[in-house]
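Read the structure below first, then the notes.
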Amino acid sequence: MEIANGDLARRFPDDLLIDIFSRLPAKSLSRFRCVSKAWSSLMAEPYCRSKLPPAMAGFFFLSETRDYGVRPGIQQFYFPVPDYHSAAIDASLRFIPSPKKLIVLSSSNGLLLCATLNHSSYPSSSSDIYVCNPATRSWTLIPNVARSSHDSLILAFDPEISPHFTLVLVKWRTIQRWPIIVESDGFELETFSSRTNTWVNSQVPRELGCGIHFPKCHVYLNGNVHFLSYNGIVVIHLESKVCHKIEMPFPAATRNYGVLGMSCGSLLYAVRAKREMQVWMLTDYEKHKWVMRKRVVFEFFNLFSRFDVFAFHPDADIVFLKVGRREELVSYNWINGRMKLVCSLRNNMSKLCLLVFSSYLGEDALEHKNCV
Amino acid sequence: MVGVKKKMVTLVSSDGVEFVVEKRVAEQSLFIKNALNEGGVEEKVMIPIPKVTSDTLSSVLEYCEKHASATEFQENEIEEWDKEYIEKADLDLLYYLLQASYSMSIMGLMELGAKKVASLIRGKSPQEIRELFNIKNDFTPEQEEEIRREMQWNYE
């Protein structure tokens, strides 16, 4: 048997090809539009598009209530990207059979890491930790999480590499309160792999990572987890558990609350200074060489309507900015300069973080599957 | 003889080979199940399976036989069997299995095959995909670049 002049795209019924496409990560899909005209035009069809996961399905937005008379606590909102039929994603997370409310801590290529809220309105050391896929409504409970409330927990999942996920538990030494920035003289590392279903402890050089932001953004790239610390980007190679540090493009850059992202396989860093925003790209990973890709001054934002850089789009040259007193979230394309309103955020909230979510319908290592 | 009480049907592959199988095995295919219901004929049923060759059909029936008796096995036993079954199929067979499962409406097999193909192609570059499936690149370099750019504006 041989597919003599077999062009799979032509010989397969479209439905079948769409079914295969729908099981791929969004990242692969956007690349595969370049395979041939047949694939490209199929993917552009509205019917096909409605079946495929977009590069970005929406975002989870965490805020802290500041209303008088209301007990402070974390609140969570999900904003779907308008043109994606959001019914496909169960952002309520109610498919997880936990009687307690769940808060998303980390998001990675279609999977979410969530913690239950127990007595307090913040995740604590007694929180149950779940990894779930809100598109397929599958979930798994993570065993033996030895986490204290101020430790950082990061999820690393890349379906292009493996259906298995890894959890990185960064245990900070000397710390004050979650989630406020505090000084720390280093951390210990524990990692959990869904392949082995166990936690492994690793030693970390002391000089790495002093003080930390709540790691609101981390990037999983080339088998490494990256997150911001006070004095640089901490890099953890998940296979070997070897850690090192990447210096920032300019001193004290992290103190300006920048965000990490990636584009075309390179690490990106966007940072605000007054009315100016800079986007840096790490062009040489080995030599830690940064190149400034964009410098833009937003003249129309005055002192009273400042802006913050919130997150990078996972698959386009776009950053999300929080703008003005009315708390609007806008997308800004740093290549062509186009800016667009995404949505209005809630008032009276202190913004903690924005977790970009891309949906994924393919194979994963979650234990409990739900047939949709 | 054991087979006497069992209802049998005969499936005919596109290259004319006849396969006599139990009705409950054949009915794993919704296409055959519907054909049997419509026909109403109980005995000596001959069902032609167009576009599916004898090699492919024999492999398809291996799957159907296992899944027709799925209740006799543990769930993870079937899962393991599925895994092995699809693992040993080469790319050509995989391709024909998918086509057959689609035309014969065998949902489980179709899903199994689609998953396998997805796992083969995720993470690959467009060029690797073209080589794998023998697809001709009909884009000019300029068109390809244009598509790359275009994809980025989706969010705006």
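All of the numbers you see were taken from the coordinates with simple rules; none came from a lab. Keep in mind that this is a model prediction, so the values were computed, not measured. Positions of Cβ are generated from backbone atoms using ideal geometry, with glycine treated the same way; all protein chains shown enter the neighbour counts.
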Between B:Lys136 and B:Asp15, the two model label points (7 Å from Cα along the beta-carbon direction) sit apart by a distance in nm of 2.7 nm
HN-Hα couplings for the range B:82-90 via Karplus (6.51, -1.76, 1.60; θ = phi - 60°), in whole Hz with x for Gly/Pro, come out as 4, 4, 5, 4, 7, 5, 7, 6, 7
Gain upon complete extension [B:Lys33, B:Gln127; 0.36 nm per residue less C-alpha separation]: 29.7 nm
Across B:Lys124, B:Lys51, B:Lys83, the residue with the highest GNM fluctuation in chain B (Cα network, 10 Å cutoff) is B:Lys124
With a Förster radius of 56 Å, plug the Cβ-Cβ distance of B:Leu94 and A:Glu64 into 1/(1 + (r/R0)^6) and report the FRET value to the nearest 0.05. 0.65
Among the listed pairs B:Lys51/B:Lys115; A:Lys171/A:Lys369; A:Lys51/A:Lys101; A:Lys27/B:Lys51; A:Lys51/B:Lys124, those beyond 26 Å (Cα-Cα): A:Lys171/A:Lys369; A:Lys51/A:Lys101; A:Lys27/B:Lys51
Does anyone have the angle between helix B:91-103 and the longest principal axis of chain B? Alpha-carbon axes, 0 to 90°, nearest 10? 60 degrees
Extension reserve of the A:Arg306-A:Asp15 stretch, reckoned as 0.36 nm per residue once the Cα distance is removed: 99.9 nm
With no solvent term and unit scatterers on the alpha-carbon positions of the range B:49-156, Debye gives log₁₀ I(q)/I(0) at q = 0.19, 0.22 Å⁻¹ of -0.98, -1.19
Which whole-percent values make up P(r) of the range A:220-296 when all C-alpha to C-alpha distances are grouped in 5 Å steps starting at zero? 3, 16, 28, 27, 16, 6, 2, 1, 0
Quick one: which residues, 5 or more positions from B:Met8 or on another chain, have an amide H under 5 Å from its amide H? H modelled 1.01 Å from N in the peptide plane, none for Pro or chain starts. B:Lys23
Considering amide H positions built from the backbone, and no H for Pro or chain starts, which residues 5 or more places from A:Phe310, or on another chain, come under 5 Å of its amide H? A:Phe320, A:Leu321, A:Lys322
With springs only between Cα atoms under 10 Å, which of B:Ile135, B:Ile32, B:Ile49 fluctuates most in a Gaussian network model of chain B? B:Ile135
